[in-house]
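Following: one structure in structure tokens, then a few remarks.
The values are calculated or read from the model by the stated rules, or taken from the named source; none is laboratory data. None of the values given here were measured: they were computed from a predicted structure. Backbone-built Cβ (ideal geometry, glycine too); neighbour counts: all protein chains shown.
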Amino acid sequence: MLLDIRNITVYRGAVKVFDGFSLQIEAGCSTVILGPNGAGKSTLMKLLSNELHPVFSLDSHIRVFGRARWNVWDLRSQLGIISWDLQHDYLSCAMGLNVVLSGFYSSIDIWRNQTFSDTEYCKAEKVMESLGICDLKDREFGFMSTGEQRRFLLARALVSDSGTLLFDEPTSGLDLKATFLYLEQLVALMRSGKTVLLVTHHVHEIPPDIRRVVMLKDGKVFQDGTPEEMLTSEKLSQLFDYPVDVVSLRGVIHVFPQTGAEHRGSL
Ligand SMILES: Nc1ncnc2c1ncn2[C@@H]1O[C@H](COP(=O)(O)OP(=O)(O)OP(=O)(O)O)[C@@H](O)[C@H]1O
Ligand SMILES: [Mg+2]
């Protein structure tokens, strides 16, 4: 089991985000957690990576890979993570190549005691090539555009040997080409056996090989099922409280507003 959450209550500041929340995600089952702004998606990711903890209670637990207690670094080395927080917290003086190499240790930048084999350098080069960022490998992270930073963090997650990738809005800030390259990479990774846990409010970020869609709304599981069951016009309209039509073309899903411009103008 990748994630086993039973009956947890979680506060962020004074806000109670989860109240008696439960969710299980099987290992090997690539899943998307989809929901509107403020639903609790990023909070869920932080619980998984041990950045946040639920209120202590005897009848609740949170287990990741079957364990309730983790050394944070051991846990993070098993999870390739991409999130806004990571982008925000990443050292701006780190060189591009080092950002990618840090993925082998799940560290922020690389450190003198860390060593890298030729194979690891080759892998880093290959991933940078596939994401079109080789030219920027000597540039400092702080001197890159938002989308370029994101591509480096994507490369950092992709080089790691972790079998599970945790992505929180991975394509935010990426241009068209980079978004589609990301989708291609993700599909290839899933087919090579990696499990992806994707958290997003962007339907177009969902790769075709995702097996389960958990809809999260107001800190509760609103609906849960296969992409075929969940990614329908009706369910997405209910989830986002806005009437939309779903169009799927060559495996990529997009949504369009159902109502005309006159309705949108009145919002
Ligand atoms: N640091 C914080 N202090 C207080 N409340 C917070 C904090 N971070 C998040 N919240 C609140 O917790 C709730 C869940 O936030 P969360 O970031 O998990 O939402 P989300 O589903 O990731 O939304 P988004 O799609 O906007 O990223 C929201 O009501 C938010 O206002
Ligand atoms: Mg979020």
I206 vs. criteria away from ligand 1 (no atom under 16 Å from the Cβ) and surrounded by 13 or more Cβ atoms within 10 Å (Cβ to Cβ) = no
query = Which of the residues belonging to region 125-152 are within 18 Å of L176 (Cα to Cα) and touching a strand residue (DSSP E or B) at 6+ places or on another chain (Cβ under 9 Å)?
reply = R150
message = Yes or no: region 55-64 includes at least one residue that is buried (at least 16 other Cβ atoms within 10 Å of the Cβ), within 16 Å of ligand 2 (Cβ to nearest atom) and modelled with pLDDT of 95 or more.
response = no
ask   = What residue, of L47, L2, is within 14 Å of ligand 2 (Cβ to nearest atom), among the aliphatic types (A, V, I, L, M) and either under 18 Å from the mean Cα position of the chain (by Cα) or modelled with pLDDT of 95 or more (or both)?
value = L47
inquiry  = For a quick check of your reading of the model, give me the residue pairs whose first member lies in region 23-43 and is touching a residue at least 24 places away in the same chain (Cβ under 8 Å) and within 16 Å of ligand 1 (Cβ to nearest atom), whose second is of a type in the set (V, I, T) and part of a loop (DSSP other than H, G, I, E, B), with beta-carbon atoms closer than 6 Å and at least 6 apart or on different chains.
reply    = V32/I206; V32/I210
key: Unmet criterion (only one of (1) away from ligand 1 (no atom under 16 Å from the Cβ); (2) within 30 Å of L174 (Cα to Cα); (3) more than 16 Å from the chain's Cα centre (by Cα)) for S57   = (2)
note = Condition set buried (at least 19 other Cβ atoms within 10 Å of the Cβ) and hydroxyl-bearing (S, T, Y), scope region 11-31, selection farthest from H53 (Cα to Cα): answer is S30
